[in-house]
Amino acid sequence: METLSIVVPVFNEEETIDIYYDALQKVKPQLNYEIELWFIDDGSKDNTLMKLKKLNQKDSNAHFVSFSRNFGKEAALYAGLTRATGDYVVVMDVDLQDPPELLPKMLENIQTGNYDAVATMRKDRQGESKIRSFFARAFYRWMNKITSLNLVDGARDFRVMSRQMVDSVLKMHENKRFSKGLFNWVGFNTYYMAYENRERVAGKTSWSFWGLMKYAIEGFISFSTAPLTLVTGLGAISFVASIIAAIVVIVRTLLFPHVSAFGWPSLVVIILFFSGIQLLSLGIVGRYIAEIYLEVKNRPIYLVKEEK
């Protein structure tokens, strides 16, 4: 019998673990697989680890890995994928926003052999704030424009992948990971299943608005050099503008020698304008240098405190 590995990152999810496990057990009879569960505790501060230990005692196939501190969801996903031994690997959240009842249909689609992955996407963003929805849509739109990726708006991390695709993803060892981009970058045929948006069954999300913004910036930096091209363009425009301005000043002085020079307010505006461009350029270049700095240190993506 084939094996199905399910990777579930968790962070301060003591309220949802048992609910998730019970929901998965209801679906299990429809899955003709040997199932191994990998809960990756991303340095939780509540009783998440205690819940996972109790679950492991009840079900030996419900494994857990506990990080020494919070390394982020991307590190948790990577840790889970490295330990998953299944012929097919599922990545999903524990809060039931990724409905386990979709698994049979997802596996049915991937077993046809036409796809290497079956992913999910939300039909709408019901229950999400308008500001958050606006920025999310803008992120997908711009990400697709400035990179070679083709990210689907509303796509979730919830997906089933073939062994070959998982092995390909694991060949990329970068420290700053953006899984949606990595899943897309490796290629392979992916089918997207749409479903109605679900609310969390319990607990609170650990993703703040600014946390998502930071995650989006990581995505841009990881898969695009467009910001560096923008800096080059701004430099070129500034150079041309300065030459034109110099010519205007010289011609004006020659033709109208008795006319006073431009006033100091104009000078201040020009200085502030070019100073702003320089600071923006330094910030963008610095962001890329920071990514290089973190990568060349070659620090581990995560550190394990306990595992079973």
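Each reported figure results from applying straightforward, stated rules to the coordinates on display, with no laboratory input. Quantities reported herein were computed from a predicted structural model and do not represent experimental measurements. No Cβ is skipped: glycine too gets one built from the backbone with ideal geometry, and neighbour counts run over all protein chains shown.
With the simple spin-label model, which puts each label point 7 Å out from Cα in the Cβ direction, the I19 to D46 separation comes to 1.0 nm. Multiplying the residue separation of A241 and E174 by 0.36 nm and removing their Cα-Cα distance gives an extension gain of 20.1 nm.
In terms of surrounding Cβ atoms within a 10 Å radius of their Cβ, M50, M121 rank from fewest to most as M50, M121.
Full extension of the chain between E306 and I292 gives 2.0 nm of extra length, using 0.36 nm per residue less the Cα-Cα distance.
Annotation: extensible slack from I250 through M1 equals 81.3 nm (criterion: 0.36 nm per residue apart, minus Cα-Cα distance). Relative contact order, whole percent, for region 3-204 stands at 26, derived from Cα pairs under 8 Å and 6 or more residues apart. Binning all Cα-Cα separations of region 3-204 at 5 Å, short to long from zero, yields these whole-percent fractions: 1, 7, 15, 20, 21, 18, 12, 4, 1, 0. Taking R0 as 22 Å, what's the FRET efficiency between I284 and W185 from their Cβ-Cβ distance, rounded to 0.05? FRET efficiency, I284 to W185: 0.50.
Put in order of Cβ neighbour count within 10 Å, fewest first, the listed residues L96, L254 become L254, L96.
Model label points for R83 and I271, set 7 angstrom from Cα along the Cα-to-Cβ axis, are 5.9 nm apart. Taking a straight line from the alpha carbon of K73, these lysines sit under 22 Å away, with near neighbours fewer than eight places off in the same chain left out: K45, K51, K53, K171, K176, K180, K204, K214, K297, K305, K308. Computed from the Cβ-Cβ distance with R0 of 30 Å, the FRET efficiency linking N32 to K123 stands at 0.60.
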